[in-house]
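Reviewing the structure listed below.
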Amino acid sequence: MPPSGLAILIGAGPTSGAGIARVLASPAHGNLAVALLARNPENLSNLASSLRQSSNGGILHPFPTDTQPANLSKAFGDIAKHPEFQGLKLKLAIYHVKHSTKKPFLQQSPDEFGQALQEYTTGSFAFAQESLKMMYAQNGGETLLSESGGAKKGTIIFTGTLGALRTNPEFNSYGASRAGTRMVAQGLAKEVSKNGVHVVHTIANGGIIDEDSKATREGAKMSAETVGKTYLWLSQMEPSLWVHELDLRPAQEKF
């Protein structure tokens with residue numbers, strides 16, 4: 001069965017990213033061709049090979065990149081030209097980059113603070129911009145839902161954490177960058193929802209692991225595949241009801 005569309009996932013690591021990608025690519029679930037983005041070329045290539053087997057024949061290809069805007073632009077260009085992705089529309093783009101910095105306030109320089117924002121928040125902006133440009137190019141441009149019969153152009157999801165809502169001592173740059181990305185998502189949603197692009201910011205409160213274990217079954221940890229199923233559900237929402245912000249936590253997580 002040919003894939004029903006394309007998904008792009010940046011932050012494709014061996015734990016949560018792997019489980020999400022497996023669900024998206026599996027013919028039994030998302031049946032999407034998946035472009036995997038992460039920094040380490042060798043690790044990413046190995047992950048893609050492993051996921052092709054564990055997803056029961058899913059189509060997954062690696063595109064090594066970091067979050068620098070020029071590098072993201074090149075990666076998206078390579079994705080658009082990949083032979084196995086031809087004719088597939090981008091249905092789902094996920095910014096799932098892991099990011100954490102901790103340092104006492106007086107020990108962190110302004111340059112270090114700015115670098116954290118550049119790598120994470122500016123990266124989220126650039127990733128969303130490239131995703132949006134591809135969705136528009138594949139669906140007739142910036143047309144309104146009212147002009148296209150309510151046709152959805154795609155979904156962009158930012159995986160956030162509780163740090164986007166509140167921060168703790170020594171986590172100033174982490175909190176600022178996470179909160180900044182939440183505002184990128186909110187501003188984008190308000191701007192492009194009318195054009196048929198669904199923008200979501202999730203708050204992952206708790207650990208995510210890619211396994212079926214006692215910890216996931218009893219709600220101590222989130223299952224990466226369950227997160228993937230949730231993201232797939234979000235991407236399938238119709239314009240009559242769109243979730244913008246969604247809190248994710250395992251059953252035993254305190255809040």
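Of all residues in the stretch 13-38, those that are more than 16 Å from Leu90 (Cβ to Cβ), touching a residue at least 60 places away in the same chain (Cβ under 8 Å) and part of a loop (DSSP other than H, G, I, E, B) total 4. Can you spot a residue in the stretch 162-176 that is hydroxyl-bearing (Ser, Thr, Tyr), assigned to a helix (DSSP H, G or I), surrounded by 15 or more Cβ atoms within 10 Å (Cβ to Cβ) and in contact with a Leu (Cβ under 8 Å, 6 or more places away or on another chain)? There is at least one residue in the stretch 162-176 that is hydroxyl-bearing (Ser, Thr, Tyr), assigned to a helix (DSSP H, G or I), surrounded by 15 or more Cβ atoms within 10 Å (Cβ to Cβ) and in contact with a Leu (Cβ under 8 Å, 6 or more places away or on another chain).
Whenever a residue of the stretch 178-207 is within 18 Å of Leu234 (Cα to Cα), its partners that are in a helix (DSSP H, G or I) and β-branched (Val, Ile, Thr), lying with C-beta atoms within less than 9 angstrom and at least six residues away or across chains, give the pairs His198/Val192; Val199/Val192; His201/Thr181; His201/Val184; Thr202/Val227; Thr202/Thr230; Ala204/Val227. Within the stretch 137-164, residues that are free of Cβ contacts under 8 Å to residues at least 60 places away in the same chain sit with their Cβ atoms under 9 Å from residues that are charged (D, E, K, R) and assigned to a loop (DSSP other than H, G, I, E, B), at 6+ positions apart or across chains, in these pairs: Gln138/Lys89; Gln138/Lys153; Asn139/Lys89; Asn139/Lys152; Asn139/Lys153; Gly140/Lys153; Thr143/Lys153; Lys153/Lys89. For Arg22, the stated conditions hold: it is buried (at least 17 other Cβ atoms within 10 Å of the Cβ) and among the basic types (Lys, Arg). Take Ala75 and tell me if it is in contact with a Pro (Cβ under 7 Å, 6 or more places away or on another chain) and assigned to a helix (DSSP H, G or I). It is false that Ala75 is in contact with a Pro (Cβ under 7 Å, 6 or more places away or on another chain) and assigned to a helix (DSSP H, G or I). Exactly one residue out of Lys98, Lys89 is closer than 30 Å to Ala151 by Cβ and either of a type in the set (Gly, Ala, Ser) or in contact (Cβ under 8 Å) with a residue 12 or more places away in the chain (or both), and it is Lys89.
Residues in the stretch 146-161 that are crowded, with 21+ Cβ neighbours inside 10 Å and either in a helix (DSSP H, G or I) or more than 16 Å from the chain's Cα centre (by Cα) (or both): Lys153 only.
The numbers here are math on the coordinates, done by the rules we state, and not lab data. What you see is a predicted model; the values in this text were computed from it and never measured. Glycine also receives a Cβ, built like all others from the backbone with ideal geometry; neighbour counts cover every protein chain displayed.
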